Amino acid sequence: MTLISLVIVLLLVQWWGSGKPLHRDQWFFSGWQLLNANTRAQSAPWLCAVAVAVPVVVLLAVVLAVIVWLPAGWLIVLNIPVLLYSLGRGDFSGAVHTYVEAAHTGDSVKAVNVLDGMNLDPDLRGGRNNGDWTALNREALRVFTYRGFERMFAVIFWFVVAGAPGALAYRLSVLLWVHLLKVNDKRAAVVARAVTLIEWPAARLLGLSWALVGHFDLCMVRWRHLWLSLHTLTPVFLVSVLLGAMGEEGEWAKSGDSRRFQPAARIEPSYSLHLVESTASMFSRALLLWVFAAAVVTLLI
């Protein structure tokens, strides 16, 4: 049922462009405000865990009831809307296209607006040199790499591992983290740490997937150096291994064999913009690999 639900959702996303018709989050934020207002310990981090846990536990109870009392097909009916809701917000493909178009035309204001809109952390917005296209492209690569992971791959990972409750738990954690950042709540740091830990296995698996569909050696050098670190932020890890998968040598590779072929000098900002344009294809390859692997595991089981 997991594979069938996943395939149907991916087909629906191709049709809709995202799960936007189901992305209605006011119920969650209303519940959070109610919980936060009626509790004495309003600054306690455990309230964040309760806010996420309550709807996840309710969904888990519904899933168990469906498994026990209804035919298996009803589980697909439940999985599809939950998985669609759990996918990331915003038009990822449209944002990448708009940024690339702005870069080609030299419209730095438009490019910065796209990055600010896609960047989940408001503390990382602004304060940049808008005329430095190399820096903008590198920032775009980091932002789009994380958002592509956050909106699709992390959700799929936890859906496969823990079913619909796992996918919902991840999405609500990210929604709460972003909300706390916007209102400058000090608990945002705690939730950010929790989100990083939740994303850890999915990010490492995606890094391995990029190694298989891209430049294996250079990607694995970076992956082996960073994969055990629980302190490395998810965007930092992802953009590093993605650069390796796209053939860029890192400091660890360069310190190895001095006889290694050295690539010709890269022309900026064209090179960094090419990396941004290549992210979509790398995500597509990895997604096909994940679906194929899920199909093989399902057949074997």
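The values are calculated or read from the model by the stated rules, or taken from the named source; none is laboratory data. Because the structure is predicted, anything quoted here is derived from the model rather than measured. Here the Cβ positions follow ideal geometry from the backbone for every residue, glycine too, while neighbour counts run over all protein chains shown. Quick note on the areas: whole protein, heavy atoms, side chains included, nothing else; ligands and nucleic acids left out. Shrake-Rupley method; radii C 1.70, N 1.55, O 1.52, S 1.80 Å.
Structure notes:
- Whole-percent carbon and sulfur share, accessible surface of the chain, 1.4 Å: 66 percent
- Nearest-20 debye value, the chain charge dipole, Cβ charges on Lys, Arg, Asp, Glu: 500 debye
- The calculated FRET efficiency for the pair THR134 and ALA295, based on their C-beta separation and a Förster distance of 35 Å, comes to about 0.30.
- Theoretical FRET efficiency, 1/(1+(r/R0)^6), r = Cβ-Cβ of ALA49 and THR105, R0 41 Å, to 0.05: 0.35
- Per residue accessible area of the chain, 1.4 Å probe, in Å²: 50 Å²
- Per-residue packing, averaged as other Cβ atoms within 10 Å, sorts the ranges 199-207, 70-78, 216-224 into the order 199-207, 216-224, 70-78, beginning with the highest.
- Simple spin-label estimate for HIS231 and ASP116 in nanometres, 7 Å along Cα-Cβ: 3.3 nm
- Kyte-Doolittle mean at least 0.5 and Cα axial length at least 27 Å: DSSP H helices in the chain: 46-69, 154-182, 188-213, 270-300
- Note on Rg/Rh (Cα atoms, Kirkwood Rh): of the candidates (1) 1.09; (2) 0.94; (3) 0.98, the value calculated from this structure sits at (3).
- Cα gyration tensor category, rounded, prolate or oblate, for region 28-83 with a/c compared to 1.5: prolate
- FRET efficiency, 1/(1 + (r/R0)^6) with R0 45 Å, evaluated for ALA72 and SER278 via beta carbons: 0.65
- Centroid-to-centroid, using Cα positions, region 204-228 and region 48-94 are 31 Å apart.
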